[in-house]
Structure formats: structure tokens, C-alpha cells
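Data block below; observations after.
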Amino acid sequence: MSLLNVGARALLANQVALQTAGHNIANVNTPGYSRQTVQLQTVQGQFTGGGYIGQGVDVNTILRNQSELLTRQAATAGSVQAADIVRAERLKQLQEIFSGGTAGLGAAINDMMNAFADVVSSPTDITARNVVLTRMDETAARMRSSAEQLQEIQYSITEQLASSMTAVNSLAQQIAGVNEQIARARGNGQSPNDLLDQRDQLIRDINKYVQTTQIPADDGTIGLFVAGSQPLVLGTTATALSVGDASAFPGSGQLKLFFNRPGATPIEIDENTLGGGSVSGLLRFNNNDLAEGRNLLGRMAMAIGMTMNEQHKLGLTLDGQLGTDLFALPTSMPGMTSGGAVGSVSFANPTQFSASDYEIRFTTGTAGQVVRLSDGKATAFTDIANLATLEIDGLNFNLTTAGVPGERMLFKPFSTAAANIKALVYSPRDLAAANPINAAMGSTNGGSLQLVNLRATGNPALTLPPPTGVQLSFAAGPPLTYTVTGSTTPPSGSTGPYTPGQPINIDGWEITLQGTPNTGDTVTVGNATDAQYGDYYTRNAGNANALMGLRDVKMFDNATMSDGYAGAIAQVGTRTQSATFAAELSNTIAANLERDRTAISGVNLDEEAAKLIQYQQAYQASAKMIQIAQSIFDSLIQGLGR
């Protein structure tokens, strides 16, 4: 009987080995499956006077081949990879909006500025004026189109985050359910290998959305934590996550991840604490990269629009009227807060704008600081009256109600400028191409004075006294000087030094002369619409020339208007290139760790095929052993029967 028992045990053990090898082969393509190995142990031998006689073999357990360290490292690397890839993909979409070429916004801006050249050459040419207006309308349309594309990207991000939350919460529930099954199965003292594989795969899947920290419990369950400390899965209980507006600034477009504890106020999680995962990448893109893209576009719209509006209002139309705004732009933007502070930001100097959002943070009493969020630069103020006197990056922050200490206000001065910009001048006669002032050399001048340039810098139509205007009388010196009469600033009768080629600024206009005057030579500057000048203003293009000259004004981080869009392309391109490199690096790291993990856990078909032959032969030998034992037993029974 002992021989029969040995054979039966061997038959059963090798049958389990064959079944395990077959199980490995069947799951060679199953995601997350870990190769299993039969662990055999010798049955304790029977003691006799002649020594211990072997009793055969038993199956001790089924081992799961895997490395806990590599499994966790691979899951973490996959999480970082997912964050980097989704951010790089979204930045490439942003880069497409800030594209060059003839269809880009930069080409439209340059075409608009260059179109003034034809008006300068022929101020009365209605066709040339129409071209300018068409170019302005096209530039505004491209800005609005770019803003709409940014809005579409934000909408798709919101939808993707919503679907990601559905997936995360579903996976968390599944992990909690598998935890319960594992805890029950562990009660029999053996490892539920397939359930463990299933849970590890679910953890890898959830890490593609949000990076988790895993902490095992004594009952075999695993706790998953997000942002370092929030229990997403604890034992058999899962907690839901959601994405919504930042609680401090509702409606600002800033999105945050919320941990929704049952029966408690949701906890807002900063995306900087999330680590990896596509949710972290999307939040970072939305709150930083997309916000910068919107600010770059909005700053460009505000700076170009304000500068051109200001210059256009200094000129005269074909009908002798002062120019009006060329573009519709916001004059101020309200601040956002969940507290009691009330205020707005207005626009003062377009050449100083910075593509950034701003926060006012109240510290003590009504004092605080204005923080530029793009780089963290802070400007302190003592109270709201003091704040009103400060010009920060070309902006004025005006508060009607101060906040309490610790309160924050968010200002997004450029967020909607490009989305709402539009051209306001439709008639070519309303294009203010002419200077509102005219200059005439004295009829008795004997020197070599020549007019080089005359342009308005303020509103001279309100300060030039008709019909005499303002007169400059020169003295040959040395030194060369002039005396001004009829002016307000500087006061009439003031004397100043004359330097050929250097501009002279008086009462909101600027004149540049060349040559050497004789004593008594004069230059008179008056309103271009005075009867003494007739309709000369209709043939003048001084203001159109000034508008065309704005393309060389430095306004975008010390770049000119014509180069500003190229700078925006460079900023977005640098971010995209950096994100693409990070995605490639994290992809390599994740692939290497996954390869190391599968080197231990993966199924090798050649190895399993060899084991099948080995276990088959052992199984056949075990069967032969039983056959022999049966034959001996039969012979023994027959012998006893005689």
C-alpha cells in the first residue's frame, strides 16, 4: 500500500504542476499576470529499523513570481509617464494655436501695420484706407479665433478630467472589492495569486490617472493614498474624487482635485502634491500652461489695441474730426475672491504689461502685497489708498473694500481681452491719418531751419490757441536758443536750448527741426483745422506715419510690436520642447522598469513548454508506479488465495 500511496501522491503533484504550467501558458497575454510555480515538498519518511522509508511528495504551495519593489516602481514610473505624456500632447495643441506662417496671428499683425504705408504715401486714397481697416478687422478676428481655440482646449480638458474621475472612482471601488476577496481568501492560509495579480493591475491602471502610495495591512488588503495622506482606498472602503473650480476663486477657470469624504466638506488638493498621473498633468496644463497662453494672447490684444487706440485718437479724419478707438477693449477687470474684498484692475501703460495673473494677499489690517503669479514677484502696499497710487506692470489695482488678513484676491487682467476684441472703425473716412497740428516756417526766416518731424503726443487740439497757435522764436547765440509764446507747458515766454535733430516737446506735441536758424527766425505750430491752413489736413499722413511707427515700439518684455508674436511663439515652443523631452525621458524609464518587472513575472513560453514535457514524463512515470503497485498487489492477493 505504501508504494501505491507514493505513486498516487506523485501523480497528483505532477498533475498540479502540469495544470500550473498550462495556467501560465493560457495567461501569457493577460495584462498584469504573474508567472506561477509549484513548490513541492517531501512527505516525512516512515521510521523503521532499517531507517526512514520515503512516503512520496506533496504540493506545498503555488508561488507567485513577482518583485514587490519592481511592481511599485513600475506603477510609479507609469504614473509619471502618463502625466508627462498628456501635458506634452496638450502643449503641442497650444503650440499649433501660436503658429507662424502666413495664416498665423503674427502675419496678420505685420500686414496690418504695413498697410499704413500706402496711406502715408497717399492719404486721400480711399482704397488704401479700406485696406488698413480690413487688416485691422482680420487681426481682431484672428485674435478672437485663437481665443476660441484656447477655450475649446479648456473645454476638452474639463471633459477629459470628468471622464478620468469616473474611471478613478470605478477602479477604486474595484480595488476595494478585490481587497475584500483577498482578505477572505487569506483565511485559508494560502496566497490567492490571481486575485493579487488582479489587484496589482488595477493599481497600475489607477496610477495612470492619479499617483498613489500603497500601504499593506495585516489582513492582506492594501490601502491606497493620494497626495501623500488622503485615503482613496482603505481596506474595503473607497472614497470618491472629483474635479471642480478652485474654492478660493470660483469661476476663475482654475481647476482643483477634491477628496470627497462621506458626510464631510470636500478637501481641495493642490496638483503640485499629486505627483504623476494624467489628472495631475491635465491640471498643471490647465492652471499654468493654458493660463500663460491665454495671458500671452490677451496681453498682445490689450497692448496693441491700447497703443493704437491712443495714437489714433491723436489724429484727424478726412472730415477734420479727432479719431476714435480703433478696437473695442475692456477698461478694467474685476477681482475674484470668496471673501469680502471688492476691487478691480485697470490698464495704464501697455508697454509694461506682463503676461501673468495677479493675486492680492492681505497680511495685516488692510496692508498686503500684490503677487505676480508667473514668477512670484511681490509688491507691498500699506493700505488700499497706497495701493491706488502704485502702477504695477502697467496696471492699477483699485480696491473699494479691503479684505481681512489671510484673504486672497485673484486678478486675470488679460484673460478675456482677445476673446472680445473687435474693430470699431468701418468707414475709410473715419481713419484718423492726419496730424491734428500743422507747422509753418516764418516767411522772413534767413537760416537753414527745416522741419523733420511733427507729431502729437497728447491732445493739442485742446491747447493750441487759434488762430495764432504757438510760436518758436530762435536766437543764433551762441548758444542756440528758442523762446516759446502762446504755450501752456512750458509757460509762454519760456526759453530753451535748441539742438538740431533733438525733439522739442510742448503742450502735447513734439517737433523736430534740423539746420541752423538766424536770430529772429520763427516756426509757428497751430491746429490743422484752422482756416488759415485750408484743407491741408486731408493730404497729411503724419498720424498714419506715427501709427505705422508703433511696430517698432518696445512693449512685449522689451520686444517690439512686430517681434512680440515671435516671442510668444518662442515661450510656448520652449515649454512644449521641455515637456516633450520630459515625456520621452519618463517613457524610457517606465519602459525599462516594466521590462525588469516582466523579466521576473512574465511567462516564457519556451520555458513553460519544457516544463510541460518534464511534468508529463513525471506524470507518466507516476502512473507507471501505480500500475506496478497494482500488479504487485494483485499478485499478492492471488497468492494468498491459494
For this session: Before anything else, pin down the relative contact order of segment 435-540: Cα pairs under 8 Å, at least 6 apart, normalised by residue count, whole percent.
Result: 41
Problem set entry | Sites L12 and N420, calculated FRET efficiency, Cβ-Cβ separation with R0 56 Å, nearest 0.05 | 0.10
Exercise. When a footprinting reagent is the concern and you count Cβ atoms within 10 Å, what order do L3, L161, L18 take, fewest first?
Worked result: L3, L18, L161
Problem set entry | Rounded D (µm²/s) - segment 435-540, Kirkwood Rh over Cα pairs, Stokes-Einstein at 4 °C, 1.567 mPa s | 94
Seminar exercise, completed: In the neighbourhood of I600 defined by beta carbon distances under 11 Å, the net charge of the other residues (Lys, Arg +1; Asp, Glu -1) is +2
Problem set entry | Peptides ranked, highest mean first, by Cβ atoms within 10 Å: ranges 32-39, 368-375 | 32-39, 368-375
Problem set entry | Ellipsoid equivalent to segment 575-629 - semi-axes via the Cα gyration tensor, in Å | 52, 7, 5
Seminar exercise, completed: Interchain or sequence-distant (5+) residues whose placed amide H lies within less than 5 Å of the amide H of D219 are none
Problem set entry | Reachable lysines, given that their alpha-carbon falls under 26 Å from the alpha-carbon of K208 and they are not under 8 places away in the same chain | K92, K256
For this session: Can you tell me the relative contact order of the chain? Whole percent, Cα pairs under 8 Å, sequence separation 6 or more.
Result: 19
Exercise. Which whole number of Å³ per residue matches the convex hull of the alpha-carbon atoms in the chain?
Worked result: 227
Exercise. What is the set of long-range amide H partners of L40 at a cut-off below 5 Å, with H atoms built 1.01 Å from backbone N?
Worked result: N60
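What order, most packed first, do the peptides 236-243, 262-269 have when packing is the mean number of other Cβ atoms within 10 Å of each residue? Please list the in-between numbers first.
Details: 236-243: 18.4, 262-269: 12.1.
Ranking, from highest mean packing down: 236-243, 262-269.
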Exercise. Taking the Cα centre of the chain as origin and charging only Cβ (+1 Lys, Arg; -1 Asp, Glu), how large is the dipole, in debye to the nearest 20?
Worked result: 1420
Problem set entry | Net charge contributed by nearby residues that have their C-beta within less than 9 Å of A582 (K/R +1, D/E -1) | -1
For this session: Starting with the fewest neighbours, write out R129, R184, R90 ranked by other beta-carbon atoms found within 10 Å of each beta-carbon.
Result: R184, R90, R129
Problem set entry | Fewest-first ranking of M441, M300, using other Cβ atoms within 10 Å as the exposure measure | M441, M300
Exercise. Taking all pairs of different Cα atoms in segment 134-286, averaging 1/r and flipping that mean, what Kirkwood radius in angstroms comes out?
Worked result: 17.3
Seminar exercise, completed: Output ordering of 587-593, 227-233 (per-residue mean of other Cβ within 10 Å, highest first) is 227-233, 587-593
For this session: Using the Kirkwood radius over Cα pairs, work out the Stokes-Einstein diffusion coefficient for segment 332-411 at 10 °C and 1.306 mPa s, in µm²/s as a whole number.
Result: 129
For this session: Using just the helices of the chain, give the 222 nm mean residue ellipticity in deg cm²/dmol: DSSP H runs with n ≥ 4 each add -39,500 (n - 2.57), and the total is spread over all residues, rounded to 500.
Result: -14500 deg cm²/dmol
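Read-outs: derived from the displayed coordinates by stated rules, not from any lab. All values reported here derive from a predicted model rather than from experimental measurement. Note: ideal-geometry Cβ built from the backbone for every residue, glycine included; neighbour counts use all protein chains shown.
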